[in-house]
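Participant: Quick one: the structure is below, and I'll ask about it shortly.
The values are calculated or read from the model by the stated rules, or taken from the named source; none is laboratory data. Keep in mind that this is a model prediction, so the values were computed, not measured. Don't worry about glycine lacking a Cβ; one is built from the backbone with ideal geometry, like all the others, and counts go over all protein chains shown.
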Amino acid sequence: MPREDFFDIVYDVKTSEETKAIYERWANVYDEDLSSRSYRQPARCANALHKQQPDKNITILDAGCGTGLAAIALKAVGYEALHGCDFSDAMLEKANKLQLYKTLKRQDLNNVPIDYESGMFDAVTAVGVFSFSHVNPKAIVELARVVRSGGTIIIGMNDHFFTEGSLLRQLEHMEETDTLEIISKEHGEHVPGNDLKGWVITLLKR
Ligand SMILES: C[S@@+](CC[C@H](N)C(=O)[O-])C[C@H]1O[C@@H](n2cnc3c(N)ncnc32)[C@H](O)[C@@H]1O
C-alpha cells in the first residue's frame, strides 16, 4: 500500500478532531518527512528567541511541541529548561523519547484554560501550530497568560495561514489593548523541500 502523503492530507482537514487523528498517524514518520524536506522553522524560531533572550537558563514552554523538533533546535542554541505540550498522544510519545523536555503534558490549546500557571514561563514557542484546523488565533491570549511580563512569544507559521490574516488581526488587537508588542515579523524558509516559505513572529508580553 502506498504511504499516506501527510503534507497533502493535513491541508484538507476541516476539524480539530481530524487534525488530531492525522498527527496520531503521522507521528511515526513525521521527523523523517520533515527532515527530508529540510524543515527550517524550528531553527529559525530558536534563533529568534535567542536574539531576545540570550540567557540560557530561561524557562520555555514549547506549545504544540509535536515530536520535539523545536526542542532539538532550542537545545542547540543552549536552552535546557524546556517544557512541552500537545494534543496528540502519539506525537508526545515521540517527544518523550528525546528526553529534552522537563515536562510534557497533553493539552488542547483551543481549550482554555491550559494547565499552567499565569506568568510561569519566560518564553513560549509555537512552531507550526497556528494553521487551518490546528490552533486558533484566539489561543494566543492563553499563551500570553502563561508568559511573564517582559517575556517572549515566538510563532513560526507558513505563508498560507499568515496570508489568511486572522492571526495577525488577533495580534494587532492585543497590541492595541497593550497585552503584547509585535517586535518583528521575518519572512524566510519554512519547508524548503515543499517550496513553502513562512514567517517567524517575535512578540513581547506587556
Ligand atoms: C506541524 S506540527 C508542529 C510540531 C512541532 N512544533 C514542529 O515544529 O515540528 C503541528 C502540531 O500541533 C499540534 N496541534 C494541532 N492542533 C492542536 C491543538 N488544538 N492543541 C494542541 N496541539 C495541537 C499537532 O498535534 C502537531 O503536533
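Participant: Being surrounded by fewer than 21 Cβ atoms within 10 Å (Cβ to Cβ) and at pLDDT 95 or above narrows it down to one residue among Ile60, Ile22; which is it?
Facilitator: Ile22
Participant: Go through segment 120-145 and report how many residues are more than 13 Å from Thr179 (Cβ to Cβ) and either more than 13 Å from the ligand (Cβ to nearest atom) or in contact with a Gly (Cβ under 7 Å, 6 or more places away or on another chain) (or both).
Facilitator: So the answer is 9.
Participant: Hey, among Leu74, Leu61, Leu100, Leu34, which residue is aliphatic (A, V, I, L, M), within 13 Å of the ligand (Cβ to nearest atom), within 18 Å of the chain's Cα centre (by Cα) and over 25 Å from Phe161 (Cα atoms)?
Facilitator: Checking each option against the conditions leaves just Leu100.
Participant: Has segment 95-115 got at least one residue that is touching a Phe, Trp or Tyr at 6+ places or on another chain (Cβ under 6 Å), hydroxyl-bearing (Ser, Thr, Tyr), at pLDDT 95 or above and farther than 22 Å from Leu180 by Cβ?
Facilitator: Looking through segment 95-115, none of the residues is touching a Phe, Trp or Tyr at 6+ places or on another chain (Cβ under 6 Å), hydroxyl-bearing (Ser, Thr, Tyr), at pLDDT 95 or above and farther than 22 Å from Leu180 by Cβ.
Participant: So which of Glu176, Glu186, Glu117 ends up being of a type in the set (Asp, Glu), under 14 Å from Leu61 (Cα atoms) and away from the ligand (no atom under 14 Å from the Cβ)?
Facilitator: Glu117
Participant: Considering Asp108, Asp89, which residue is surrounded by fewer than 23 Cβ atoms within 10 Å (Cβ to Cβ), touching a residue at least 60 places away in the same chain (Cβ under 8 Å) and within 8 Å of the ligand (Cβ to nearest atom)?
Facilitator: Every option except Asp108 fails the conditions.
Participant: Turning to a different aspect of this structure: For residues in segment 167-185 being in a strand (DSSP E or B) and aliphatic (A, V, I, L, M), which is surrounded by the most Cβ atoms within 10 Å (Cβ to Cβ)?
Facilitator: That would be Leu180.
Participant: Somewhere in segment 128-143, is a residue buried (at least 21 other Cβ atoms within 10 Å of the Cβ) and more than 23 Å from Glu17 (Cα to Cα)?
Facilitator: Within segment 128-143 (the criterion being buried (at least 21 other Cβ atoms within 10 Å of the Cβ) and more than 23 Å from Glu17 (Cα to Cα)), the answer is no, since none of the residues qualifies.
Participant: Inspect segment 150-166 for any residue being in contact with a His (Cβ under 6 Å, 6 or more places away or on another chain) and either in contact (Cβ under 8 Å) with a residue 12 or more places away in the chain or buried (at least 20 other Cβ atoms within 10 Å of the Cβ) (or both) and give the result as yes or no.
Facilitator: Checking segment 150-166: at least one residue is in contact with a His (Cβ under 6 Å, 6 or more places away or on another chain) and either in contact (Cβ under 8 Å) with a residue 12 or more places away in the chain or buried (at least 20 other Cβ atoms within 10 Å of the Cβ) (or both).
Participant: Against the definition (surrounded by fewer than 22 Cβ atoms within 10 Å (Cβ to Cβ), more than 12 Å from the ligand (Cβ to nearest atom) and farther than 20 Å from Trp26 by Cβ), how does Leu204 come out, yes or no?
Facilitator: Yes, satisfied.
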